[in-house]
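First comes the structure, then the notes that go with it.
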Amino acid sequence: MNSRSNPTLHPGARVAEPRTAPPETVRRSYGHLGSRFAAIGFWLALTVLYAVLTPDTFLTAGTFQTIFGSQQALVFLTAALLCTIIVGEFVDMSVASNFGFAAVLVAVLNVNHHWNVGLATAAAIAVSTLVGLVNGWLTVRLGVNTIVVTLGMGTFLLGLGLWITDLTPVSGLPAGFAQIALFTVGGLPIGFYEGLVLMLAFAYVMTFTPLGRNMRFVGANREVSRLAGVRVNRLRLGAFTVAGLIAGTGGVISAAATGGFDATVSQSYLLPIFAATFLGTAILEPGRFNPLGTLIAVYFLATGILGLQLLGASGWVSSVFYGGVLVIAVTISTLLHRKVR
Amino acid sequence: MSSRLRIAGVSVTFGRHRILRDVGFEVGAGEIHALIGQNGSGKSTLVKVLTGLYTAEPGARIEVDGAGLRLPVRPLDARRHGVAVVHQSLGLVPEMSVLENMRVGRLTARRFTRRIRWDDEAAAAARMFDRLGRRVPLDAPVHRLGEEDRATVAIARALQDTPDGGGLIIFDESTRALSRRSLEHFYDVLDGVVGAGTSVLLISHSLEEVADVADRVSVLRDGALVSSGRPAGAAGLAKVMLGRVLDEISSGGGHTRPDGEPAVELTDVVGAGLDGLAVRVSPGEIVGLTGLADSGYDRVPYLLAGVAPVTAGRLSVAGDRVDLDRLTPAAAIGAGIALVPGDRERAGLAMDQTVGENAALPRTGGRGAGLMPIRRRSELAGLVPWLDRLDLRPRDPHAVVGTLSGGNQQKVVLAKWLSRDPKLLALHEPTQAVDVGAREIIVAAVKDAAATGCGVLVASGDENELSMLCDRILVFRDGRVEQELPGPCRPDDIVAAIFAATDRRPLRGGRREGARA
């Protein structure tokens, strides 16, 4: 506004007018930097706090391994949720159940029906992908409300999972199969690296490729994207399908890690994935859903809960922490978004 | 003349920016007072102070009939003092009935059952229409009403909050979507209102409208009030508003025009509200399309962009046949057609993405699920010259589009498509809700594009915009071209052709002259 200093400006002079960068741009980028890394700073501060309060238990390799080695399920689930949330489908409530159903299915097919474990894996992932495709078909092609479709689908799958397992946990997957999740590399199970690779690939797609750019625009404004030649519906349908694929893959890896699965467990992931995904919008790219921010948020939350447990808090703490963080994270995300605009 | 509204000492600072500096003016009883200013002049900030969205710094005073309002302004308090606000595009909810629209926020209930007394509500609403001397069916949903009746409802609704023959109505860009005929009706109704003693504060981008209707005008420039007085014609107002004389570009033609195959030829188009349409645009020619609201002229840019399906018709672009009935947006872009849509927020730009990303979308969009990295440096290198030419402020490709002013947003939409080097530019109201400075730049950019051989179609209901841009103008009726106006065309001729035989009488013409004499 203060750059309108030249009242005799006319069209011929437009190009030639020199313009110095206004100082507020520089200040804004510092502020930007601050909000990008504020959450990471907070995470480090939390770590230091726990280290000071419970140095004997917190500052151990075991703690490090617990935080980074046990979150593979959450990483896959948040990635699945991000797929649809980025293209503007507000929430896919079925990812957790879809994940759980794949985990249960691979165990049931292998243990109860004696399928080859590879075949069971392929079948479970195929079913999850199909579930994603059905979700997408209903919302994109038929225009049914996303929340209703996915909430219904999630509950439906949970019920199916309980039915095929006769309401009891299934276990007994072969020990060799566990290696796809637990094979140790550099002190951490390979599941950690699988999650890391998934999120890095996701971040690459979102940051550098036309596909990622188009996904973000479809999420930001469908009509603008359509007029620019983006095949909006195909992209939305693809996002639902890939969300199913990622959830299914995560489920199979989780089942492998524990040697079986309990159909009811998946429900406890529902809130944490929302908490982590929304907290992720406050990290690295403020106001935007982004894969690496979400990955960091997952470990942030794991740190917070483990620390509280080491301080003596018991079972209730994860509900309080995840619930509280979800509300706070959504608030922060809303405020950041307003600031960006 | 006693003063109805007095504003004094209003200052607003955001961060280190002084948006408003000690602004003050008065609105007299029974006058239409216009507030104008370029985008970024602080005009919308002042309106937001008046409506209570922003808080002014201590020392500000806002008085109605001598009684000070409590600051920050609270809508209920302002309403009690007789101040009503009509927001952009009349502020009506289309799905609700006239009665519901009139009474929302004022509904009263029976004491015990808490049911709404619809009889009383209807009577209260009817009283307002009586005061205006107009009739509108109370139970009709607003979207079924014609534009003129909608304008009446908006005025009647505001009138409820003003005491008979007193009070103040603030119109915040309320009239920008109205056609010329509805605008005439609107000011006919409003004339009766101010004649009875109610005051009006009119905020508008249209200097022509302001020059016609306002009794007095206050002009904001760079956050300060530069003038408050009688309007001196649209050109005079523009001069005060910009602090300089507008360059003479306000007529069609004046750009070079290369020869060659027709840039675009549309024949026998049926569907999307059109019936046997034929249009031919030569390279470098700027052709205006206009007509009454339902004549179909405004569908043409969208059918060319592949978003308004037609049942039959032929299209050729630069000599190449294009399949019109199976045209997708991607195919249209591939054929060299660029659409600048009328609804910037819904169809023009993704408001929370950056300038650079928005401008690059047509390129990345066509590549669907491409996984090769985007070359950001070349992406920006292609864009920056356009930002220079369109004088984007701030000239920062990383700025989030939603933070720019309306005029600058429109420049981004234009840059997005001009940087594609289109063969045909299809524009829908390209300078709507844009201040004169930006309008001048946009008009120049479109003419530059035409001079390099691009064919241009401008669909618009704004005669001033058409007159500025077009080499010739096609007037639509019932889905086909009824009349062709060879250029250059004066705004009056365009309006006359649209309404065929109805003359473009000045808004509020008779009464104001009479009052002055």
*Quick check, is A:G34 within 30 Å of B:R395 (Cβ to Cβ), at pLDDT below 80 and away from every other protein chain (no Cβ under 14 Å)?*
yes
_What's the total number of residues in segment B:70-104 that are in a helix (DSSP H, G or I), open to solvent by 20 Å² or more (accessible area, probe 1.4 Å), touching a residue at least 12 places away in the same chain (Cβ under 8 Å) and hydrophobic (A, V, I, L, M, F, W, C)?_
1
*If you take the residues of segment B:455-510 that are at pLDDT below 80 and in contact with a Phe, Trp or Tyr (Cβ under 7 Å, 6 or more places away or on another chain), which of them is nearest to B:G192 (Cα to Cα)?*
B:R508
*Out of all the residues in segment B:361-397, which are in contact (Cβ under 8 Å) with a residue 40 or more places away in the chain and within 15 Å of B:L349 (Cβ to Cβ)?*
B:L361, B:P362, B:L390, B:P397
*Determine if segment A:282-296 includes at least one residue that is within 28 Å of A:P55 (Cα to Cα) and open to solvent by 40 Å² or more (accessible area, probe 1.4 Å).*
no
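I'm checking my understanding of the structure. Among residues of segment B:335-344 that are farther than 22 Å from B:A312 by Cβ and small (G, A, S), which one is nearest to the chain's Cα centre (by Cα)?
Quick first cut of segment B:335-344, residues farther than 22 Å from B:A312 by Cβ only: B:336, B:338, B:340-344.
Subset that is small (G, A, S): B:336, B:338, B:342.
Details: B:G336: 28, B:A338: 21, B:G342: 9 Å.
Step by step, filter segment B:335-344, then rank; the result is B:G342.
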*Provide a single number: the residues in segment B:158-209 that are within 20 Å of B:H81 (Cα to Cα), among the polar types (S, T, N, Q), surrounded by 20 or more Cβ atoms within 10 Å (Cβ to Cβ) and at pLDDT below 90.*
1
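Quick check, is A:G132 in contact with a Lys or Arg (Cβ under 7 Å, 6 or more places away or on another chain), open to solvent by less than 20 Å² (accessible area, probe 1.4 Å), touching a residue at least 24 places away in the same chain (Cβ under 8 Å) and not hydrophobic (A, V, I, L, M, F, W, C)? So that I can check it myself, show each step before the final result.
On the way: in contact with a Lys or Arg (Cβ under 7 Å, 6 or more places away or on another chain): no; open to solvent by less than 20 Å² (accessible area, probe 1.4 Å): yes; touching a residue at least 24 places away in the same chain (Cβ under 8 Å): yes; not hydrophobic (A, V, I, L, M, F, W, C): yes.
Considered against the rule, which asks whether it is in contact with a Lys or Arg (Cβ under 7 Å, 6 or more places away or on another chain), open to solvent by less than 20 Å² (accessible area, probe 1.4 Å), touching a residue at least 24 places away in the same chain (Cβ under 8 Å) and not hydrophobic (A, V, I, L, M, F, W, C), A:G132 comes out as no.
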_The conditions are (1) open to solvent by less than 50 Å² (accessible area, probe 1.4 Å); (2) over 20 Å from the mean Cα position of the chain (by Cα); (3) modelled with pLDDT of 95 or more, and A:V140 fails exactly one of them. Which is it?_
(3)
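In this structure, does B:T328 turn out to be within 24 Å of B:V307 (Cβ to Cβ) and crowded, with 19+ Cβ neighbours inside 10 Å?
Working: within 24 Å of B:V307 (Cβ to Cβ): yes; crowded, with 19+ Cβ neighbours inside 10 Å: no.
Against the criterion (within 24 Å of B:V307 (Cβ to Cβ) and crowded, with 19+ Cβ neighbours inside 10 Å), B:T328 does not qualify.
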*Of all residues in segment B:137-157, count the ones that are within 16 Å of B:L99 (Cβ to Cβ) and open to solvent by less than 10 Å² (accessible area, probe 1.4 Å).*
6
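Could you pull out every one of the helices (runs of 4 or more DSSP H) wholly within segment B:338-418 that has 2 or more residues that are at pLDDT 85 or above, open to solvent by 30 Å² or more (accessible area, probe 1.4 Å) and more than 9 Å from chain A (Cβ to nearest Cβ)?
Working: elements: B:355-365, B:376-389, B:406-418.
Hits in segment B:338-418: B:376-389.
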*Tally, over segment B:142-171, of residues that are of a type in the set (F, W, Y) and touching a Gly at 6+ places or on another chain (Cβ under 8 Å)*: 0
*Kindly provide the set of residues from segment B:214-229 that are within 19 Å of B:I170 (Cα to Cα) and not polar (S, T, N, Q), ordered by number.*
B:A214, B:D215, B:R216, B:V217, B:V219, B:L220, B:L225, B:G229
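Quick grid of which residues meet (1) farther than 30 Å from A:V224 by Cα; (2) of a type outside the set (S, T, Y):
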site: A:A175; (1), (2): yes, yes
site: A:T184; (1), (2): yes, no
site: A:Y193; (1), (2): yes, no
site: A:T209; (1), (2): no, no
site: A:R213; (1), (2): no, yes
_Looking only at segment B:459-478, count every residue that is out of contact with any His (no Cβ under 8 Å at 6 or more places or on another chain), surrounded by 24 or more Cβ atoms within 10 Å (Cβ to Cβ) and part of a strand (DSSP E or B) and tell me the total._
3
_strands (runs of 3 or more DSSP E) within segment B:3-62 that include 1 or more residues of a type in the set (A, V, I, L, M) and surrounded by fewer than 19 Cβ atoms within 10 Å (Cβ to Cβ)_ = B:3-14
*With a cut-off of at least 2 residues that are under 26 Å from the mean Cα position of the chain (by Cα), name the helices (runs of 4 or more DSSP H) lying wholly within segment A:41-126.*
A:61-69, A:72-86, A:95-107
*Subset tally (residues that are more than 11 Å from chain A (Cβ to nearest Cβ) and assigned to a loop (DSSP other than H, G, I, E, B)) for segment B:419-453*: 13
_Based on this model, can you work out whether A:T139 counts as more than 14 Å from chain B (Cβ to nearest Cβ) and closer than 20 Å to A:I86 by Cβ?_
yes
*Determine whether segment B:241-256 contains at least one residue that is open to solvent by 40 Å² or more (accessible area, probe 1.4 Å), at pLDDT 80 or above and more than 20 Å from B:A497 (Cα to Cα).*
no
_Odd one out for B:G166 among (1) closer than 17 Å to B:V193 by Cβ; (2) out of contact with any Lys or Arg (no Cβ under 8 Å at 6 or more places or on another chain)_ = (2)
*Which helices (runs of 4 or more DSSP H) sit wholly inside segment A:185-266 and have at least 1 residues that are under 30 Å from A:G118 (Cα atoms) and within 8 Å of chain B (Cβ to nearest Cβ)?*
A:190-208, A:232-258
*asked:* Can you pull out every residue in segment A:93-129 that is open to solvent by 30 Å² or more (accessible area, probe 1.4 Å) and within 20 Å of A:S268 (Cβ to Cβ)?
replied: A:M93
*Out of (1) assigned to a loop (DSSP other than H, G, I, E, B); (2) of a type in the set (A, V, I, L, M); (3) in contact (Cβ under 8 Å) with a residue 24 or more places away in the chain, the odd one out for B:L107 is which?*
(3)
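The values are calculated or read from the model by the stated rules, or taken from the named source; none is laboratory data. This is a predicted model, so every value here is computed, not measured. Positions of Cβ are generated from backbone atoms using ideal geometry, with glycine treated the same way; all protein chains shown enter the neighbour counts. Calculation scope for accessible area: heavy atoms of the full protein, side chains included, ligands and nucleic acids excluded. Shrake-Rupley method; radii C 1.70, N 1.55, O 1.52, S 1.80 Å.
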